[in-house]
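Report on the structure given below.
The values are calculated or read from the model by the stated rules, or taken from the named source; none is laboratory data. Note that the structure is predicted; figures quoted are calculated from it, not measured. So basically every Cβ, Gly included, is an ideal-geometry build from the backbone, and we count neighbours across all protein chains shown.
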Amino acid sequence: MKRLLFATLFIAGLLIVIPISAAKITAVRIGSKINITIDNKYFTSYIFSDDEKYPFFYPVNGPLSGGSVTSMRNAEYPHHSSLFFGCDLVNGGNYWQEGLERGRIISINAEIVKQGGDTVIITDECIWSCPGAISPVKDTRKIIITSPSSTVSQ
């Protein structure tokens, strides 16, 4: 019985002492997108090109399967681009549904603020633009992506 108790306490002590290592997360800007990897596996891209309606993330891959959990666009919802922030109507502009002439959100300063360890931080300034109208919004985004382990991403 003493051996079993000792073995149990010893194993429990190892579990406390052995930390669960965080995944290594990195970001690289290539043209008008920022590619993010976790433990050297592709996770997502922040896309902010001039010919898109708004900045968005695509694909967003699952940490275990590596398969995308989002879709770029589809026939039923062609105005949905994976993971994005948009708004239907603001001061007469449409910053969600397709058609750049109806309004768009333009990235003017996407940059990687921090990378390495278990965190990537991206900031971006975006101007909401609609032809023939004064811009109703300028937003500043701070996107924090963490990966506390190789099997969990946030």
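Asn35 - would you say it is crowded, with 18+ Cβ neighbours inside 10 Å, under 18 Å from the mean Cα position of the chain (by Cα) and under 21 Å from Ser149 (Cα atoms)? Here the answer is no, as Asn35 does not meet what is asked.
Working carefully through the options Ser107, Ser129, find the one that is crowded, with 16+ Cβ neighbours inside 10 Å and over 16 Å from the mean Cα position of the chain (by Cα).
Ser129
Scanning segment 40-63 for residues that are more than 19 Å from Phe84 (Cα to Cα) and either crowded, with 16+ Cβ neighbours inside 10 Å or basic (Lys, Arg) (or both) yields Lys41, Pro63.
Can Ile143 be described as in contact with a Cys (Cβ under 8 Å, 6 or more places away or on another chain), aliphatic (A, V, I, L, M) and either without any contact (Cβ under 8 Å) to a residue 24 or more places away in the chain or part of a strand (DSSP E or B) (or both)? So Ile143 fails the test.
Do we find that Cys130 is modelled with pLDDT of 90 or more and over 20 Å from Ile30 (Cα atoms) in this structure? Steps first, please.
Values: modelled with pLDDT of 90 or more: yes; over 20 Å from Ile30 (Cα atoms): yes.
Yes; evaluated as a whole, the condition is true for this residue.
Candidates are the residues of segment 74-88 that are in a loop (DSSP other than H, G, I, E, B) and buried (at least 16 other Cβ atoms within 10 Å of the Cβ); the one that is modelled with the lowest pLDDT is His80. Tallying residues that are touching a residue at least 24 places away in the same chain (Cβ under 8 Å) and at positive phi within segment 29-77 yields 2.
Taking the options Ser45, Ser71, Ser65, name whichever one is within 16 Å of the chain's Cα centre (by Cα), part of a loop (DSSP other than H, G, I, E, B) and either farther than 24 Å from Glu101 by Cβ or modelled with pLDDT under 90 (or both).
Details: Ser45 fails: part of a loop (DSSP other than H, G, I, E, B); Ser65 fails: within 16 Å of the chain's Cα centre (by Cα).
Ser71 is the lone residue from the list that is within 16 Å of the chain's Cα centre (by Cα), part of a loop (DSSP other than H, G, I, E, B) and either farther than 24 Å from Glu101 by Cβ or modelled with pLDDT under 90 (or both).
One residue stands out in segment 132-154 among those that are surrounded by fewer than 16 Cβ atoms within 10 Å (Cβ to Cβ) and aliphatic (A, V, I, L, M): the one that is farthest from Tyr54 (Cα to Cα), namely Val152.
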